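The values are calculated or read from the model by the stated rules, or taken from the named source; none is laboratory data. Every value quoted in this text rests on a predicted model; they were computed, and no experiment measured them. Heads up, the Cβs are rebuilt from the backbone with ideal geometry, glycines too, and the neighbour counts pull from every protein chain shown.
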Amino acid sequence: MGSYANVKEVIEYKTPSKEFELYQYHLEENSINLRSQNAEVFLVLKGNVRFNTTIESLNASRGEAVFIKRGSSYSISAASAELFRAATPVVNV
């Protein structure tokens, strides 16, 4: 799932599909640092969220989506936000 810190709550939803994993984040006055192991999509349900990578920064608000490519180190910060992360699972060979 990647590492996270200072997250009010992270919920992992078990899906019937082996092709993706789904996580819900509740952020309150904090930021988290993550590294994508595969492609990820964030959907913002509530609040305004700032995504920072080594290359760029962008803001996303309710109803917007952000794509994170494989192997990216990034941070997410928000005063108060709720968002979902859909990711393809890491397959250990």
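Before moving on, here are some points about what is shown:
- Tally, over segment 47-57, of residues that are surrounded by fewer than 15 Cβ atoms within 10 Å (Cβ to Cβ) and either under 19 Å from A87 (Cβ atoms) or touching a Lys or Arg at 6+ places or on another chain (Cβ under 7 Å) (or both): 2
- Looking only at segment 61-75, and only at residues there that are hydroxyl-bearing (S, T, Y) and part of a strand (DSSP E or B), the one that is farthest from the chain's Cα centre (by Cα): S61
- Residue within segment 39-60 that is on the phi < 0 side of the Ramachandran plot, at pLDDT 90 or above, of a type in the set (G, A, S) and not in a loop (DSSP other than H, G, I, E, B) present: yes
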